[in-house]
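Asker: Following this message is one structure expressed as structure tokens.
FYI, it's all coordinate maths here, none of it is from the lab. Keep in mind that this is a model prediction, so the values were computed, not measured. Backbone-built Cβ (ideal geometry, glycine too); neighbour counts: all protein chains shown.
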Amino acid sequence: MPSRPPVFRFAPSPNGRLHLGHAYSALLNAEMAGRMHGRLLVRIEDIDPVRCRPDLAEAILADLRWLGLRFEEPVRRQSDHLPAYATALASLRTRGLVYPCLCSRKEIAQASLGRDPDGAPLYPGTCCGRADLAERIAAGAPHAWRLDMRAARAACPGSLRVDTVDAAGTPGDRPADPERWGDAVLGRKDVPTSYHLAVVLDDAAQGVTHVVRGQDLDAATDLHVLLQRLLGLPSPRYHHHALLRDPEGEKLAKSRGSLALADLRAQGVTAAEIRRRLGFP
Ligand code: GLU
């Protein structure tokens, strides 16, 4: 049987314009996909109804086309799939693997005893196992859904590993330590998913075999492989590339005034120049 081509994806969030760091990630996906005779998908990660905007999603796709990226259509938009995320969350609930949480950010920050790999306060477990919350929830109190990490690890005993691939395509693996995320949010107060749940469901739904993204998401992969195991989903191979930094050594971000591709284009910089500057032919 002929083997299927590998599937890569670039998954931007439309909460700002693309900058050079995004361009690097997109071009690296395209370059690896080309070298491995794979397919390239783009996915719009727009579950956040406050920060994401449809016009920014369109602008991102236009920037990618301008850059010369060729990707398959139609582009998947996460906001079109909220019912599927809700179904997966409900199945975790039925299995006793998530619990509702009514805590505010402030309450969590005050009671937390540590930090997760992103530097956010670790959830202290306040709402775990509390039967007395049902009445407030039935009365409409906003609540998130958190993974019960202890129950999740009991459901997936043994060691977990992340399958990796380097930029040259050489496979490898490393141990995963999802516990360092604590009882992570899988369903937000405003939408029936979180980044972590949606990303593993979509990578599986789209048949993604190779996830190429920035180093800032390396630690999150530990949680992703646990969720894949819990949900019976295949695990892709992961490559986390170094982040582009500004001359001060800070990672590029619109919030720090990093130039958007659109700004560079307006200054007369060509797509070919950007590709060359980022090390792509
Ligand atoms: N949407 C995420 C971001 O823009 C990327 C998620 C991923 O590649 O898994 O940072």
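Asker: How long is the gain from D173 to L82 if the chain were fully straight, where each residue apart is worth 0.36 nm and the alpha carbon distance is subtracted?
Answerer: Residue separation times 0.36 nm, minus the Cα-Cα distance, leaves 29.6 nm.
Asker: Moving to a separate point now. Using only DSSP helix segments of four residues or longer, with each worth -39500 (n - 2.57), what per-residue ellipticity at 222 nm results for the chain after dividing by its residue count and rounding to 500?
Answerer: So the calculated ellipticity at 222 nm is -10000 deg cm²/dmol.
Asker: Can you work out the base-10 log of I(q)/I(0) for the stretch 65-105 at q = 0.23, 0.31 1/Å, using the Debye formula on its C-alpha atoms alone?
Answerer: Here log10 of I(q) over I(0) equals -0.87, -1.00.
Asker: Find how many whole Å separate the alpha carbon centroid of the stretch 147-223 from the alpha carbon centroid of the stretch 105-142.
Answerer: 21 Å
Asker: Next up: Any idea what the dipole of the chain comes to, in debye rounded to 20, about its Cα centre with Lys/Arg Cβ at +1 and Asp/Glu Cβ at -1?
Answerer: With Lys and Arg at +1 and Asp and Glu at -1, about 200 debye.
Asker: Here's another thing I want to ask about it. Which of M36, F8, A23 sits farthest toward the positive end of the charge dipole of the stretch 1-61, with +1 on the Cβ of Lys and Arg and -1 on the Cβ of Asp and Glu?
Answerer: The residue sitting farthest along the positive end of the dipole is M36.
Asker: Further question: State, to one decimal in nm², a quarter of the convex hull surface area for the C-alpha atoms of the stretch 12-130, i.e. the direction-averaged projected area.
Answerer: 10.3 nm²
Asker: Alpha carbons only, please: Rg and Dmax for the stretch 196-256, in angstrom.
Answerer: Rg and Dmax of the stretch 196-256, Cα atoms, are 13.9, 44 Å.
Asker: Using Stokes-Einstein with the Kirkwood hydrodynamic radius over Cα pairs, what translational diffusion coefficient do you get for the stretch 130-281 at 10 °C and a viscosity of 1.306 mPa s, in µm²/s rounded to a whole number?
Answerer: It diffuses with D of about 86 µm²/s by this estimate.
Asker: Which residue, chosen from G125, A111, L244, occupies the Cα position most advanced towards the positive end of the dipole of the chain, where the dipole is computed from +1 (Lys, Arg) and -1 (Asp, Glu) charges on Cβ about the Cα centre?
Answerer: Result: L244, furthest along the dipole toward the positive end.
Asker: Right, here's the next one. For the stretch 67-183, compute the orientation-averaged projected area of the C-alpha convex hull (one quarter of its surface), in nm².
Answerer: Its Cα hull, projected and averaged over all orientations, spans 11.6 nm².
Asker: If I model a spin label as a point 7 Å beyond the Cα along the Cα-Cβ vector, how far apart are those points for T270 and A141 in nm?
Answerer: 6.2 nm
Asker: If I take every Cα pair under 8 Å that is 6 or more residues apart in the stretch 1-65, average their sequence separation and divide by the length, what percent do I get for the relative contact order?
Answerer: 47 percent
Asker: Points 7 angstrom from Cα along the Cβ direction at R70 and L113: gap in nanometres?
Answerer: Placing both labels 7 Å beyond Cα along the Cβ direction yields 5.6 nm.
Asker: Mind listing P(r) for the chain? All alpha-carbon pairs, 10 Å bins, whole percents.
Answerer: 6, 26, 34, 23, 9, 2, 0
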